[in-house]
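This report concerns only the one structure given below.
The values are calculated or read from the model by the stated rules, or taken from the named source; none is laboratory data. Note that the coordinates shown come from a computational prediction; the quantities given were computed from them, not determined experimentally. Backbone-built Cβ (ideal geometry, glycine too); neighbour counts: all protein chains shown. Just so you know, the surface numbers come from the protein's heavy atoms only, side chains and all, with ligands and any DNA or RNA stripped out. Shrake-Rupley method; radii C 1.70, N 1.55, O 1.52, S 1.80 Å.
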Amino acid sequence: MTATVTRPMRRGTTVRESWLVVVARNSVAIAVAVIFLAPFVFVFLLSFMTSDQALTANLWPATWHPENFLDIFRKFPMFDYLVNTVVYVVLATGFMLLSSVPAAYALAKLRWRGGNAVFIVIICMMMLPPQVVTVPLYLMWANAGLTGTLWPLILPMLAGDAFSIFLLRQFLLTIPDSIVDAARIDGCGEWQVLLQVVVPMARPGIAATAIFQFFYAWNDYYGPLLYTSEDQSNWTLSIALSQFKHLHHVEWNLVMAATLLVMAPVIIVFFLAQKAFVQGVTLTGVKG
């Protein structure tokens, strides 16, 4: 019989083949990731170019110009609009949590007549296009003398947000009723149960809801345009970016730099709160 001799594979060959196998197995995911990341890379590179190079077909900056980001603040009061946006986002998110968490708790853990009907009304409000009520709401805020400010977008959050209430209610339903009943037997009132028992267990859901509201308020263009277009001092970044593009439409390097500045806080918040966001959507809310 003839013995078969097996040649040992080189370490470099094994590593290279294993890397190729990984790439082949995840080729679809890699292709999709490249498609999604390509626009961000394009915006990033273009924001560091000169104005002349930005009008060419070159994709890589010949020289890097980080001073483009400073030019934005010199040519446009972007910092003032950043402050307006932060005020809008913080107050809207805070007011939403202040009103939506108790409402979701009442719908999820309290038994009262009409609770199911109220929940159906909230679902109907989610399906109602905001443009349907634009005219009556605008007339109401105009009669109150609040048009031209961000208050028509902030104050309604004190009445709760339909989507936030729905999302929080669904999360609170996963908290065992036995834990809530045990707190009541120990003598806790409903507010104590909510603040000391339910809220700590519902932190992932509350965090996910707050992130949703943060993203919505930060990127909101329709609402600020409707109520603050007549007063430039109350513009948010979304409107400011649109106006900046019209004023500097030939300076694409500055436009892309401004776009990157507007996008950066959202991306940073998402990556910092990604764990809480995923937990709020997937976890059951039961603490071990």
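Within segment 150-199, the set of residues being under 30 Å from Thr228 (Cβ atoms), part of a helix (DSSP H, G or I) and open to solvent by less than 40 Å² (accessible area, probe 1.4 Å) comprises Pro152, Leu153, Ile154, Met157, Ala162, Ser164, Ile165, Leu168. A count restricted to segment 160-192 and to residues that are over 20 Å from Leu98 (Cβ atoms) and without any contact (Cβ under 8 Å) to a residue 60 or more places away in the chain stands at 10.
Of the conditions (1) closer than 25 Å to Gly223 by Cβ; (2) surrounded by 10 or more Cβ atoms within 10 Å (Cβ to Cβ); (3) not basic (Lys, Arg), Gln131 satisfies every one except a single condition; which number is it? Against the list (1) closer than 25 Å to Gly223 by Cβ; (2) surrounded by 10 or more Cβ atoms within 10 Å (Cβ to Cβ); (3) not basic (Lys, Arg), Gln131 comes up short only on (2). Please verify whether Tyr81 is in the same structural domain as Lys245 (by TED's automatic domain parsing), surrounded by 18 or more Cβ atoms within 10 Å (Cβ to Cβ) and touching a Ser or Thr at 6+ places or on another chain (Cβ under 9 Å), treating the condition exactly as stated. When the stated conditions are applied, Tyr81 passes them.
When Leu107, Leu139, Leu55 are screened for being over 25 Å from the mean Cα position of the chain (by Cα), more than 29 Å from Leu226 (Cα to Cα) and at pLDDT 90 or above, only Leu107 passes. Among what's in segment 39-64 and is in contact (Cβ under 8 Å) with a residue 40 or more places away in the chain, assigned to a loop (DSSP other than H, G, I, E, B) and open to solvent by less than 40 Å² (accessible area, probe 1.4 Å), pick the residue that is farthest from Leu261 (Cα to Cα). If we take residues in segment 39-64 being in contact (Cβ under 8 Å) with a residue 40 or more places away in the chain, assigned to a loop (DSSP other than H, G, I, E, B) and open to solvent by less than 40 Å² (accessible area, probe 1.4 Å), then Met49 is farthest from Leu261 (Cα to Cα). None of Asn234, Asn219 is closer than 30 Å to Leu261 by Cβ, under 21 Å from the mean Cα position of the chain (by Cα) and open to solvent by 10 Å² or more (accessible area, probe 1.4 Å) except Asn219. Pairs meeting the criteria (first residue in segment 81-96 and within 21 Å of Thr259 (Cα to Cα), second residue among the charged types (D, E, K, R), beta carbons under 8 Å, at least 6 apart or on different chains) are Tyr88/Asp220.
Residue by residue, here is whether (1) closer than 29 Å to Leu137 by Cα; (2) at pLDDT 90 or above; (3) not assigned by TED's automatic domain parsing to the domain that holds Met125 holds:
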position: Leu150; (1), (2), (3): yes, yes, no
position: Leu155; (1), (2), (3): yes, yes, no
position: Phe163; (1), (2), (3): yes, yes, no
position: Phe166; (1), (2), (3): yes, yes, no
position: Asp177; (1), (2), (3): no, no, no
position: Val193; (1), (2), (3): no, yes, no
position: Val198; (1), (2), (3): no, yes, no
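Residue selection: Ala92 satisfies the criterion of being under 23 Å from the mean Cα position of the chain (by Cα), within 27 Å of Tyr221 (Cβ to Cβ) and surrounded by 11 or more Cβ atoms within 10 Å (Cβ to Cβ). The residue pairs whose first member lies in segment 216-241 and is among the charged types (D, E, K, R), whose second member is assigned to a helix (DSSP H, G or I) and open to solvent by 70 Å² or more (accessible area, probe 1.4 Å), and whose beta carbons are closer than 9 Å, counting only pairs six or more residues apart or on different chains, do not exist in this structure.
From the list Ile165, Ile206, Ile175, Ile211, the one residue that fits, being over 17 Å from Ala92 (Cα atoms) and either β-branched (Val, Ile, Thr) or in contact with a Phe, Trp or Tyr (Cβ under 7 Å, 6 or more places away or on another chain) (or both), is Ile175.
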